[in-house]
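The values are calculated or read from the model by the stated rules, or taken from the named source; none is laboratory data. Note that the structure is a prediction, hence the values are computed from the model and not measured. Don't worry about glycine lacking a Cβ; one is built from the backbone with ideal geometry, like all the others, and counts go over all protein chains shown.
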Amino acid sequence: MGQKELVYSCQQGHRKAQQELYNLYASKLFASCVKYAPNYQEAQDILQDSFITIFKKIHQFENKGSFEGWMKRITINTALQRYRGAKVYQLDPEEQLEDEAVEVDDTTDISLDRLLEMIQDLPDRYRLVFSLYELDGYSHQDIAEMLEISTGTSKSNLARARQSLQKMIRQWRISDQSDAI
């Protein structure tokens, strides 16, 4: 069954089509969930909530643009909704930090899984902005609108996320080297 037929069948409420859609896209959407969730279990909850929303709103998709992109936006919004009411984006009363890129030199054999774990270990406000900016390519203006914060807060939270990741990577290197001895 092609994508248009699959979407149409889902719009008609056919359970087999919904299962097929889930099977086709769950792993791709779960990758987005992991970027925004603090742990694996919460990422699973976000994925489940995302598919509930996708199936409720699938009649709104008009086969214009990317269907996968449409589902990804729903997934990201579902993840962000978990934190909107908690006001996790507000700055600590510290000075603004310089906006530096996170650099991992070529001699570091850090796995993608370990790097994602480090991102998940970031405080919510840093993880969300970092994931939106670095992993999904949103601008600070877009992030500010999505999270209902200022662009300055977005930039500062990104800088703090990068600083925290740098520290985690340095600590990982030290512990990795001591384990090798």
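Remarks
- Wholly enclosed helices (runs of 4 or more DSSP H) of the range 107-169 bearing at least 3 residues out of contact with any strand residue (DSSP E or B) (no Cβ under 6 Å at 6 or more places or on another chain), polar (S, T, N, Q) and under 24 Å from Thr75 (Cβ atoms): none
Table: residues versus (1) crowded, with 19+ Cβ neighbours inside 10 Å; (2) touching a His at 6+ places or on another chain (Cβ under 8 Å).
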residue: Gln11; (1), (2): no, yes
residue: Arg15; (1), (2): no, no
residue: Leu21; (1), (2): yes, no
residue: Leu24; (1), (2): no, no
residue: Cys33; (1), (2): yes, no
residue: Ala37; (1), (2): yes, no
residue: Glu42; (1), (2): no, no
residue: Thr53; (1), (2): no, no
residue: Ile58; (1), (2): yes, no
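- Residue in the range 166-175 that is touching a helix residue (DSSP H, G or I) at 6+ places or on another chain (Cβ under 6 Å) and either buried (at least 17 other Cβ atoms within 10 Å of the Cβ) or of a type outside the set (Phe, Trp, Tyr) (or both) present: yes
- Residues that are farther than 26 Å from Lys28 by Cα and either modelled with pLDDT of 50 or more or touching a strand residue (DSSP E or B) at 6+ places or on another chain (Cβ under 9 Å) (or both), drawn from the range 73-100: Gly85, Ala86, Lys87
- Condition check for Gly65: assigned to a loop (DSSP other than H, G, I, E, B) and loosely packed, with under 12 Cβ neighbours inside 10 Å: yes
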